[in-house]
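Q: Pasting in a structure now, in C-alpha coordinates, and then I'll have a few things to ask.
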Amino acid sequence: MLVRVGSRGSRLALTQAEQAAGGLRGPGVEVAFVPITTTGDRDRARPFGEIGARGVFVKELEEALLAGRIDVAVHSAKDMTSTDTEGLVVGAYLARDDPRDALVGADAVRPGMRIGTASARRRAQLLALEPTLSIEPMRGNIDTRLRKRRERGLDAVVLAACGLDRLGLAGEIGLRFDPEQLLPEAAQGALALQVRAGEEQLVARADDAETRRRVEPERLCVATIGAGCLAPVAAHHDGATLRALIADEDGRWLEQREGADPVALAGELVALAAARGDSGAKAAQTRA
(Lines give C-alpha, C1' and ligand atoms only; values in the text may rest on other atoms or scores of the structure.)
Protein backbone atom coordinates (compact mmCIF):
# COMPACT_ATOMS: atom_id res chain seq x y z
CA MET A 1 0.00 0.00 0.00
CA LEU A 2 1.25 3.48 -0.89
CA VAL A 3 0.45 6.26 1.59
CA ARG A 4 0.75 9.77 0.15
CA VAL A 5 1.93 12.15 2.87
CA GLY A 6 1.41 15.87 2.31
CA SER A 7 3.40 18.57 4.04
CA ARG A 8 4.66 22.07 3.51
CA GLY A 9 7.90 22.29 1.56
CA SER A 10 10.18 24.03 4.07
CA ARG A 11 13.23 22.28 5.48
CA LEU A 12 11.53 21.97 8.87
CA ALA A 13 8.24 20.70 7.39
CA LEU A 14 10.00 18.03 5.33
CA THR A 15 12.03 16.98 8.37
CA GLN A 16 8.78 16.63 10.31
CA ALA A 17 7.16 14.71 7.45
CA GLU A 18 10.04 12.22 7.50
CA GLN A 19 9.62 11.92 11.27
CA ALA A 20 5.95 11.11 10.72
CA ALA A 21 6.72 8.65 7.93
CA GLY A 22 8.90 6.71 10.35
CA GLY A 23 5.78 5.94 12.36
CA LEU A 24 3.78 4.90 9.29
CA ARG A 25 6.17 2.64 7.42
CA GLY A 26 5.80 -1.07 7.97
CA PRO A 27 5.52 -4.36 6.11
CA GLY A 28 3.68 -3.64 2.87
CA VAL A 29 3.43 0.11 3.53
CA GLU A 30 5.38 2.61 1.44
CA VAL A 31 5.34 6.39 1.85
CA ALA A 32 5.47 9.05 -0.87
CA PHE A 33 5.91 12.72 0.03
CA VAL A 34 3.80 15.42 -1.60
CA PRO A 35 5.05 18.98 -0.87
CA ILE A 36 2.26 21.57 -0.84
CA THR A 37 2.59 25.36 -0.71
CA THR A 38 0.22 27.09 1.72
CA THR A 39 -1.09 30.64 1.96
CA GLY A 40 1.32 31.35 4.80
CA ASP A 41 4.24 30.14 2.66
CA ARG A 42 3.29 32.31 -0.33
CA ASP A 43 2.86 35.52 1.66
CA ARG A 44 5.93 35.93 3.87
CA ALA A 45 5.75 39.71 4.24
CA ARG A 46 2.40 40.60 5.79
CA PRO A 47 1.56 39.91 9.45
CA PHE A 48 -0.70 36.91 10.05
CA GLY A 49 -3.58 39.21 10.97
CA GLU A 50 -3.56 40.70 7.47
CA ILE A 51 -3.43 37.30 5.72
CA GLY A 52 -6.31 35.71 7.58
CA ALA A 53 -7.23 33.76 10.68
CA ARG A 54 -5.52 30.73 12.13
CA GLY A 55 -4.97 28.03 9.56
CA VAL A 56 -2.86 29.89 6.99
CA PHE A 57 -0.35 27.01 7.08
CA VAL A 58 -2.90 24.19 6.87
CA LYS A 59 -5.75 25.18 4.52
CA GLU A 60 -4.22 23.90 1.29
CA LEU A 61 -3.14 20.65 2.95
CA GLU A 62 -6.69 20.10 4.16
CA GLU A 63 -8.06 20.82 0.69
CA ALA A 64 -5.68 18.23 -0.78
CA LEU A 65 -6.87 15.68 1.78
CA LEU A 66 -10.53 16.33 1.04
CA ALA A 67 -9.87 16.14 -2.71
CA GLY A 68 -8.09 12.80 -2.36
CA ARG A 69 -4.73 14.06 -3.62
CA ILE A 70 -3.01 12.96 -0.40
CA ASP A 71 -3.86 10.42 2.30
CA VAL A 72 -2.19 12.02 5.34
CA ALA A 73 -1.36 15.65 6.13
CA VAL A 74 1.47 16.38 8.56
CA HIS A 75 1.02 19.57 10.57
CA SER A 76 2.71 21.32 13.42
CA ALA A 77 -0.32 20.89 15.64
CA LYS A 78 -0.09 24.47 16.91
CA ASP A 79 -0.71 25.73 13.34
CA MET A 80 -4.08 23.97 13.08
CA THR A 81 -7.44 25.52 13.77
CA SER A 82 -8.57 24.67 17.27
CA THR A 83 -11.53 22.65 15.98
CA ASP A 84 -11.41 19.93 13.34
CA THR A 85 -12.39 20.77 9.76
CA GLU A 86 -15.56 18.94 8.70
CA GLY A 87 -14.69 15.58 7.17
CA LEU A 88 -11.19 15.50 8.66
CA VAL A 89 -9.77 14.28 11.97
CA VAL A 90 -6.43 14.10 13.73
CA GLY A 91 -5.79 10.38 13.48
CA ALA A 92 -2.53 10.53 15.41
CA TYR A 93 -0.29 12.77 17.44
CA LEU A 94 3.37 11.80 17.47
CA ALA A 95 5.14 11.80 20.82
CA ARG A 96 5.50 15.44 21.79
CA ASP A 97 8.83 17.21 21.61
CA ASP A 98 9.85 20.18 23.78
CA PRO A 99 6.81 22.50 23.90
CA ARG A 100 8.71 25.51 25.27
CA ASP A 101 9.63 28.78 23.59
CA ALA A 102 13.32 29.47 23.04
CA LEU A 103 15.34 32.67 23.14
CA VAL A 104 18.01 32.81 20.43
CA GLY A 105 20.81 35.38 20.60
CA ALA A 106 20.82 35.89 24.36
CA ASP A 107 20.66 33.82 27.53
CA ALA A 108 18.17 36.04 29.36
CA VAL A 109 15.61 38.78 28.79
CA ARG A 110 17.07 42.14 29.83
CA PRO A 111 15.64 45.67 29.92
CA GLY A 112 15.61 47.54 26.61
CA MET A 113 16.34 44.55 24.39
CA ARG A 114 15.09 44.39 20.79
CA ILE A 115 13.42 41.02 20.26
CA GLY A 116 11.87 39.68 17.08
CA THR A 117 8.68 37.62 16.93
CA ALA A 118 5.52 37.47 14.82
CA SER A 119 3.50 35.92 17.65
CA ALA A 120 0.94 38.03 19.51
CA ARG A 121 1.10 35.51 22.36
CA ARG A 122 4.87 35.84 22.72
CA ARG A 123 4.73 39.62 22.35
CA ALA A 124 2.19 40.03 25.15
CA GLN A 125 3.99 37.74 27.58
CA LEU A 126 7.42 39.22 26.85
CA LEU A 127 6.12 42.74 27.48
CA ALA A 128 4.44 41.55 30.67
CA LEU A 129 7.82 40.18 31.79
CA GLU A 130 9.76 43.31 30.80
CA PRO A 131 7.79 46.38 29.63
CA THR A 132 10.88 48.17 28.29
CA LEU A 133 11.43 45.61 25.52
CA SER A 134 11.08 46.59 21.88
CA ILE A 135 9.20 43.76 20.17
CA GLU A 136 9.74 43.80 16.40
CA PRO A 137 7.64 41.79 13.92
CA MET A 138 9.50 39.03 12.15
CA ARG A 139 8.20 36.33 9.83
CA GLY A 140 9.82 33.56 7.78
CA ASN A 141 11.09 30.06 8.33
CA ILE A 142 13.64 29.32 11.03
CA ASP A 143 16.70 29.88 8.82
CA THR A 144 15.24 33.16 7.55
CA ARG A 145 14.52 34.44 11.04
CA LEU A 146 17.99 33.57 12.27
CA ARG A 147 19.44 35.46 9.31
CA LYS A 148 17.11 38.45 9.82
CA ARG A 149 18.16 38.71 13.47
CA ARG A 150 21.76 39.21 12.39
CA GLU A 151 20.92 41.55 9.50
CA ARG A 152 18.66 43.77 11.62
CA GLY A 153 20.95 43.78 14.64
CA LEU A 154 18.29 42.41 16.98
CA ASP A 155 19.36 41.27 20.41
CA ALA A 156 17.32 38.08 20.14
CA VAL A 157 14.42 36.25 18.52
CA VAL A 158 11.93 33.88 20.11
CA LEU A 159 11.15 30.61 18.33
CA ALA A 160 9.65 27.25 19.22
CA ALA A 161 12.36 25.12 20.78
CA CYS A 162 11.10 21.99 19.05
CA GLY A 163 11.72 23.41 15.56
CA LEU A 164 15.31 24.27 16.40
CA ASP A 165 15.82 20.84 17.94
CA ARG A 166 14.40 19.05 14.90
CA LEU A 167 16.77 20.91 12.59
CA GLY A 168 19.82 20.22 14.72
CA LEU A 169 20.03 23.86 15.81
CA ALA A 170 19.69 23.39 19.56
CA GLY A 171 23.07 25.07 19.95
CA GLU A 172 21.48 28.36 18.87
CA ILE A 173 19.27 28.39 21.97
CA GLY A 174 20.39 30.68 24.78
CA LEU A 175 17.35 30.09 27.00
CA ARG A 176 14.41 27.71 27.04
CA PHE A 177 11.63 29.64 28.75
CA ASP A 178 9.97 27.94 31.68
CA PRO A 179 6.21 27.78 30.98
CA GLU A 180 5.81 29.84 34.16
CA GLN A 181 7.46 32.70 32.21
CA LEU A 182 6.06 32.14 28.71
CA LEU A 183 3.08 29.81 28.51
CA PRO A 184 3.35 27.87 25.22
CA GLU A 185 0.88 27.90 22.35
CA ALA A 186 -1.73 25.16 22.54
CA ALA A 187 -0.27 21.96 21.00
CA GLN A 188 3.21 23.44 20.55
CA GLY A 189 5.80 20.69 20.21
CA ALA A 190 3.32 18.14 18.82
CA LEU A 191 3.01 16.86 15.25
CA ALA A 192 -0.50 16.01 14.09
CA LEU A 193 -1.30 13.48 11.38
CA GLN A 194 -4.61 14.50 9.82
CA VAL A 195 -6.70 12.08 7.76
CA ARG A 196 -10.17 11.82 6.29
CA ALA A 197 -12.83 10.83 8.82
CA GLY A 198 -13.15 7.06 8.85
CA GLU A 199 -9.55 6.46 7.74
CA GLU A 200 -7.89 6.77 11.14
CA GLN A 201 -6.46 3.26 10.79
CA LEU A 202 -3.91 4.63 8.30
CA VAL A 203 -2.04 6.38 11.12
CA ALA A 204 -3.31 4.70 14.29
CA ARG A 205 -0.01 2.91 14.96
CA ALA A 206 1.76 6.30 15.23
CA ASP A 207 -0.57 7.79 17.85
CA ASP A 208 0.95 8.66 21.22
CA ALA A 209 -1.76 8.44 23.88
CA GLU A 210 -0.03 10.72 26.40
CA THR A 211 0.46 13.47 23.84
CA ARG A 212 -3.20 13.23 22.86
CA ARG A 213 -4.23 13.38 26.54
CA ARG A 214 -2.41 16.69 26.94
CA VAL A 215 -2.87 18.34 23.56
CA GLU A 216 -6.59 17.82 23.08
CA PRO A 217 -7.60 19.73 26.26
CA GLU A 218 -5.25 22.54 25.18
CA ARG A 219 -6.91 22.75 21.76
CA LEU A 220 -10.39 22.53 23.28
CA CYS A 221 -9.65 25.35 25.71
CA VAL A 222 -8.44 27.64 22.93
CA ALA A 223 -11.35 26.61 20.69
CA THR A 224 -13.81 27.52 23.44
CA ILE A 225 -12.22 30.93 23.92
CA GLY A 226 -12.38 31.44 20.17
CA ALA A 227 -10.95 29.88 17.02
CA GLY A 228 -8.59 32.62 15.80
CA CYS A 229 -4.91 33.12 16.62
CA LEU A 230 -4.79 36.90 16.45
CA ALA A 231 -5.10 37.57 20.19
CA PRO A 232 -2.64 36.57 22.92
CA VAL A 233 -4.11 33.28 24.16
CA ALA A 234 -2.23 30.17 25.29
CA ALA A 235 -2.94 26.80 26.85
CA HIS A 236 -0.51 24.17 28.12
CA HIS A 237 -0.94 20.85 29.91
CA ASP A 238 2.19 19.73 31.77
CA GLY A 239 0.86 16.25 32.48
CA ALA A 240 -0.72 17.18 35.79
CA THR A 241 -2.35 20.57 35.25
CA LEU A 242 -3.97 22.47 32.40
CA ARG A 243 -3.06 26.16 32.45
CA ALA A 244 -4.31 28.84 30.10
CA LEU A 245 -4.08 32.59 29.67
CA ILE A 246 -5.51 35.53 27.82
CA ALA A 247 -3.73 38.87 27.69
CA ASP A 248 -3.68 42.40 26.36
CA GLU A 249 -1.63 42.51 23.16
CA ASP A 250 0.80 44.98 24.72
CA GLY A 251 1.18 43.01 27.95
CA ARG A 252 -0.54 45.65 30.10
CA TRP A 253 -2.56 42.89 31.74
CA LEU A 254 -2.49 39.13 31.67
CA GLU A 255 -4.93 36.66 33.20
CA GLN A 256 -3.72 33.10 33.80
CA ARG A 257 -5.68 30.32 35.47
CA GLU A 258 -5.53 26.54 35.80
CA GLY A 259 -8.18 23.85 36.02
CA ALA A 260 -9.21 20.36 34.98
CA ASP A 261 -12.09 21.32 32.68
CA PRO A 262 -10.90 23.11 29.52
CA VAL A 263 -14.35 24.51 28.74
CA ALA A 264 -14.85 25.93 32.23
CA LEU A 265 -11.31 27.30 32.21
CA ALA A 266 -11.93 29.06 28.91
CA GLY A 267 -15.15 30.55 30.23
CA GLU A 268 -13.38 31.89 33.29
CA LEU A 269 -10.71 33.56 31.16
CA VAL A 270 -13.22 35.15 28.79
CA ALA A 271 -15.10 36.57 31.78
CA LEU A 272 -11.89 37.93 33.29
CA ALA A 273 -10.93 39.55 29.98
CA ALA A 274 -14.36 41.14 29.65
CA ALA A 275 -14.05 42.54 33.18
CA ARG A 276 -10.89 44.34 32.06
CA GLY A 277 -13.00 46.77 30.05
CA ASP A 278 -12.32 47.88 26.47
CA SER A 279 -8.94 46.18 26.05
CA GLY A 280 -10.24 42.97 27.58
CA ALA A 281 -13.34 42.99 25.42
CA LYS A 282 -11.16 43.58 22.36
CA ALA A 283 -8.99 40.57 23.23
CA ALA A 284 -12.01 38.32 23.79
CA GLN A 285 -13.72 39.52 20.59
CA THR A 286 -10.58 38.96 18.52
CA ARG A 287 -10.75 35.32 19.50
CA ALA A 288 -14.34 34.95 18.30
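Q: Being open to solvent by less than 10 Å² (accessible area, probe 1.4 Å), under 19 Å from ALA73 (Cβ atoms) and out of contact with any Cys (no Cβ under 7 Å at 6 or more places or on another chain) is the requirement here; does VAL203 meet it?
A: It is true that VAL203 is open to solvent by less than 10 Å² (accessible area, probe 1.4 Å), under 19 Å from ALA73 (Cβ atoms) and out of contact with any Cys (no Cβ under 7 Å at 6 or more places or on another chain).
Q: Take the residues in the stretch 178-195 that are over 27 Å from SER7 (Cβ atoms), over 14 Å from the mean Cα position of the chain (by Cα) and touching a residue at least 24 places away in the same chain (Cβ under 8 Å); name whichever of them is least open to solvent (accessible area, probe 1.4 Å).
A: Only one residue fits best here, namely PRO179.
Q: Quick check on the stretch 64-79: of everything there that is assigned to a loop (DSSP other than H, G, I, E, B) and in contact with a helix residue (DSSP H, G or I) (Cβ under 8 Å, 6 or more places away or on another chain), which residue is least open to solvent (accessible area, probe 1.4 Å)?
A: So the residue we want is ILE70.
Q: Within the stretch 110-121, can one find any residue that is open to solvent by 40 Å² or more (accessible area, probe 1.4 Å) and either in contact with a helix residue (DSSP H, G or I) (Cβ under 9 Å, 6 or more places away or on another chain) or among the hydrophobic types (A, V, I, L, M, F, W, C) (or both)?
A: Within the stretch 110-121 (the criterion being open to solvent by 40 Å² or more (accessible area, probe 1.4 Å) and either in contact with a helix residue (DSSP H, G or I) (Cβ under 9 Å, 6 or more places away or on another chain) or among the hydrophobic types (A, V, I, L, M, F, W, C) (or both)), the answer is yes, since at least one residue qualifies.
Q: Just to check your reading of the model, which residue among ALA273, ALA283 is surrounded by 23 or more Cβ atoms within 10 Å (Cβ to Cβ), in contact with a Gly (Cβ under 9 Å, 6 or more places away or on another chain) and either at pLDDT below 95 or not in a helix (DSSP H, G or I) (or both)?
A: ALA273
Q: Is it the case that some residue within the stretch 222-230 is modelled with pLDDT of 95 or more, touching a helix residue (DSSP H, G or I) at 6+ places or on another chain (Cβ under 9 Å) and open to solvent by 20 Å² or more (accessible area, probe 1.4 Å)?
A: Scanning the stretch 222-230 turns up no residue that is modelled with pLDDT of 95 or more, touching a helix residue (DSSP H, G or I) at 6+ places or on another chain (Cβ under 9 Å) and open to solvent by 20 Å² or more (accessible area, probe 1.4 Å).
Q: Going by the structure shown, is GLY198 modelled with pLDDT of 95 or more and surrounded by fewer than 16 Cβ atoms within 10 Å (Cβ to Cβ)?
A: So GLY198 fits the description; yes.
For (1) closer than 28 Å to GLU18 by Cβ; (2) assigned to a helix (DSSP H, G or I); (3) of a type outside the set (A, V, I, L, M, F, W, C); (4) at pLDDT 95 or above, each residue gets a yes or a no:
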{"residue": "SER82", "(1), (2), (3), (4)": "yes, no, yes, no"}
{"residue": "THR85", "(1), (2), (3), (4)": "yes, no, yes, no"}
{"residue": "ALA102", "(1), (2), (3), (4)": "yes, no, no, yes"}
{"residue": "PRO111", "(1), (2), (3), (4)": "no, no, yes, yes"}
{"residue": "GLN125", "(1), (2), (3), (4)": "no, yes, yes, yes"}
{"residue": "ILE135", "(1), (2), (3), (4)": "no, no, no, yes"}
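The values are calculated or read from the model by the stated rules, or taken from the named source; none is laboratory data. Keep in mind it's a predicted model, so treat the numbers as computed, not measured. As a convention, Cβ positions derive from the backbone with ideal geometry for all residues, glycine included, and neighbour counts pool all protein chains shown. These area figures cover heavy atoms from the full protein model, side chains too; ligands, DNA and RNA do not enter into them. Shrake-Rupley method; radii C 1.70, N 1.55, O 1.52, S 1.80 Å.
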